[in-house]
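Asks: Dropping a structure here in structure tokens format, bear with me for questions.
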Amino acid sequence: MKEKVLFPAQELEIAINADVIVAGGGSAGIAAAIASARNGAKTLLIEQGGCCGGMASRGLLTSIICMTDGENILANGICREFVERIVKDMKLAETSYRWQNIHPESVKKIADQMLAEAGVKVIYETVVTDCIVDNGVIKALKCYAPCGNFAVGGKVFIDCTGDANLAALAGVPFEYGNENREVMAPTLCVMYDNIEYQSDQRNGLGRKEWNEAAKNNQLPVNEHHFVGFFRNGDGCGAGNLGHIYETDVLDIFSRSEAWTKGRELALAYHKFFRENVKGFEQSSLTLSADMLGVRESRRIVGEYQMTSGDYFNRQHFDDEIGSFAYPIDIHSGVSDAGKQAAVEQNIRKVAYDAGENYGIPYRALLPKNSVNLLVAGRCISTDRAMQSSVRVVPGCMITGEGAGTAAALSVKNSCSLRTLDTKLLQTQLKKQGAFIK
């Protein structure tokens, strides 16, 4: 049995009270906080890093994908506004709603601007470490920052941490990975500069050369699901290069090892690009991400669990808060070449035709065993297959906007999250641009 210690109890001053408290400033958190504030709620956003954006900023995510089903722009609210403003800041001619390459500095800038314009109070370098719960009602959060421990109070709380950290602290049940606790492998993204691009080079660079090396058994690492490198400036770009297999993202030792392995892989991939990809001969590896690219961890158990059946049935719901269409995309968690290579084949098999989509029900944002908590982003209530579809940025922002709007309306109408009129919620979301059938 491991040795245990008992820390003394601590009385904390409540540093701030707000109507709505959003934990996590990634894509879901940005959308949740902006939606809440725009709908009249005093809103606090708590972010553990020094900027908002999550994977799209600190994580050096290469692109925001699948805002559309090929006929309809599904992420037509805050997500569309966010991306269009990023594109304008990058001085690009037009926005691609299918596959838009992004620059992390533009993401940070636009996130700051949109949050400030909405009136959201943001505190950085702050981690939620505990919460006080009474009969399912969250009363306050315990937070830690460089100044020390403090508390925040609120009426409604939204977990946008990605890992469902707040929900877990509050006693919400959750699922994790497959039956063997295997989760999709994370990635540590990178940025290069001093690239001499050809005029037509923009997306998926290095894939052709990597696949050729695989055929010739000349790969520098065992990676058979190679995503590639994406241009985001005149001589720079970002790489979603490789996976860190056999990682348990809820084990701090395994997760820490993933960081070290990710940096080792970054050097190997850059060497490959310099030696094999035209235009990268003099390139420099300028940065590896400040955020591990975790694709999958906790999935909360909510009032409704979205399943693969909902995906294949193109299911829509009476209480849906938006629609989405990204394919089921389960990356391998293990270094098995066959399983890695099968990922993209499986995506093509299950991808929707143009105009097809599914709905996201409000109930999937409502966790069990809780009264005043909502969850948005990749940890909403789904099975593993459906999580692999909704986990990308537009899906996270759709659920974030739905959660933030619901939180503000519940405060405004003095009702609980579960008695909130979903027709009223849908009417407001449609006004904001949501695609609801």
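The values are calculated or read from the model by the stated rules, or taken from the named source; none is laboratory data. Note that the coordinates shown come from a computational prediction; the quantities given were computed from them, not determined experimentally. No Cβ is skipped: glycine too gets one built from the backbone with ideal geometry, and neighbour counts run over all protein chains shown.
Asks: Would it be correct to say that residue 418 is surrounded by fewer than 15 Cβ atoms within 10 Å (Cβ to Cβ), in contact (Cβ under 8 Å) with a residue 12 or more places away in the chain and basic (Lys, Arg)?
Replies: Numbers: surrounded by fewer than 15 Cβ atoms within 10 Å (Cβ to Cβ): yes; in contact (Cβ under 8 Å) with a residue 12 or more places away in the chain: yes; basic (Lys, Arg): yes.
Answer is yes for this residue.
Asks: Quick check on residue 273: is it over 24 Å from residue 258 (Cβ atoms), of a type in the set (A, V, I, L, M, F, W, C) and either surrounded by 18 or more Cβ atoms within 10 Å (Cβ to Cβ) or under 23 Å from the mean Cα position of the chain (by Cα) (or both)?
Replies: Working: over 24 Å from residue 258 (Cβ atoms): no; of a type in the set (A, V, I, L, M, F, W, C): yes; either surrounded by 18 or more Cβ atoms within 10 Å (Cβ to Cβ) or under 23 Å from the mean Cα position of the chain (by Cα) (or both): yes.
In short, no.
Asks: Next up: In the range 187-215, how many residues are within 18 Å of residue 244 (Cα to Cα) and in contact with a helix residue (DSSP H, G or I) (Cβ under 6 Å, 6 or more places away or on another chain)?
Replies: The number of residues fulfilling the criteria is 2.
Asks: Please verify whether residue 105 is more than 29 Å from residue 262 (Cβ to Cβ), assigned by TED's automatic domain parsing to the domain that holds residue 41 and charged (D, E, K, R), treating the condition exactly as stated. Give the derivation first.
Replies: Working: more than 29 Å from residue 262 (Cβ to Cβ): no; assigned by TED's automatic domain parsing to the domain that holds residue 41: yes; charged (D, E, K, R): yes.
For residue 105, the condition - more than 29 Å from residue 262 (Cβ to Cβ), assigned by TED's automatic domain parsing to the domain that holds residue 41 and charged (D, E, K, R) - is not met.
Asks: Restricting attention to the range 307-321, which residues are surrounded by fewer than 20 Cβ atoms within 10 Å (Cβ to Cβ) and in a helix (DSSP H, G or I)?
Replies: 308, 309, 312
Asks: Within the range 152-161, is even one residue crowded, with 24+ Cβ neighbours inside 10 Å and not in a strand (DSSP E or B)?
Replies: From the range 152-161, those crowded, with 24+ Cβ neighbours inside 10 Å are 154, 156-161; that's our starting set.
Add one more test, that the residue is not in a strand (DSSP E or B), and what stays is 160-161.
Looking for residues that are crowded, with 24+ Cβ neighbours inside 10 Å and not in a strand (DSSP E or B), one finds at least one in the range 152-161, hence yes.
Asks: Scan the range 335-368 residue by residue and report those that are part of a loop (DSSP other than H, G, I, E, B), surrounded by fewer than 16 Cβ atoms within 10 Å (Cβ to Cβ) and at pLDDT below 95.
Replies: 336
Asks: Could you check the range 43-57 and list, in sequence order, the residues that are assigned to a strand (DSSP E or B) and within 18 Å of the chain's Cα centre (by Cα)? Walk me through how you get there before you give the answer.
Replies: Filtering the range 43-57 down to residues assigned to a strand (DSSP E or B) leaves 43-46.
Listed by number, the residues that qualify are 45, 46.
Conditions tested, residue by residue: (1) closer than 28 Å to residue 96 by Cα; (2) in a loop (DSSP other than H, G, I, E, B).
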{"position": "3", "(1), (2)": "no, yes"}
{"position": "7", "(1), (2)": "no, yes"}
{"position": "11", "(1), (2)": "no, yes"}
{"position": "17", "(1), (2)": "no, no"}
{"position": "28", "(1), (2)": "yes, no"}
{"position": "31", "(1), (2)": "yes, no"}
{"position": "35", "(1), (2)": "yes, no"}
{"position": "41", "(1), (2)": "no, yes"}
{"position": "59", "(1), (2)": "yes, yes"}
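Asks: Which pairs have Cβ atoms under 9 Å, sit 6 or more apart or on different chains, and link a residue in the range 300-315 that is closer than 15 Å to residue 352 by Cβ to one that is of a type in the set (Gly, Ala, Ser) and surrounded by fewer than 16 Cβ atoms within 10 Å (Cβ to Cβ)?
Replies: Here the result reads 315/309, each pair linking the range 300-315 to a residue that is of a type in the set (Gly, Ala, Ser) and surrounded by fewer than 16 Cβ atoms within 10 Å (Cβ to Cβ).
Asks: When the residues of the range 26-70 are narrowed to those that are in contact with a helix residue (DSSP H, G or I) (Cβ under 8 Å, 6 or more places away or on another chain) and polar (S, T, N, Q), which ends up nearest to residue 203 (Cα to Cα)?
Replies: In this case the residue turns out to be 57.
One line per residue, one yes/no per condition, for (1) in contact with a Lys or Arg (Cβ under 9 Å, 6 or more places away or on another chain); (2) of a type in the set (D, E, K, R); (3) surrounded by fewer than 18 Cβ atoms within 10 Å (Cβ to Cβ):
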site: 179; (1), (2), (3): no, yes, yes
site: 220; (1), (2), (3): yes, no, yes
site: 234; (1), (2), (3): no, yes, yes
site: 242; (1), (2), (3): no, no, no
site: 251; (1), (2), (3): no, yes, yes
site: 260; (1), (2), (3): no, no, yes
site: 268; (1), (2), (3): no, no, yes
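Asks: Another question, then. Can you pull out the residues in the range 87-109 that are of a type in the set (A, V, I, L, M, F, W, C), in contact (Cβ under 8 Å) with a residue 12 or more places away in the chain and either over 19 Å from residue 69 (Cβ atoms) or in contact with a His (Cβ under 7 Å, 6 or more places away or on another chain) (or both)?
Replies: Residues of the range 87-109 of a type in the set (A, V, I, L, M, F, W, C): 87, 90, 92-93, 99, 102, 107.
Retained after the next criterion (residues that are in contact (Cβ under 8 Å) with a residue 12 or more places away in the chain): 87, 90, 99, 102, 107.
Passing the criteria: 87, 90, 102, 107.
Asks: Please tell me if residue 57 is in contact with a Lys or Arg (Cβ under 6 Å, 6 or more places away or on another chain) and assigned by TED's automatic domain parsing to the domain that holds residue 327.
Replies: Numbers: in contact with a Lys or Arg (Cβ under 6 Å, 6 or more places away or on another chain): yes; assigned by TED's automatic domain parsing to the domain that holds residue 327: yes.
Here the answer is yes, as residue 57 does meet what is asked.
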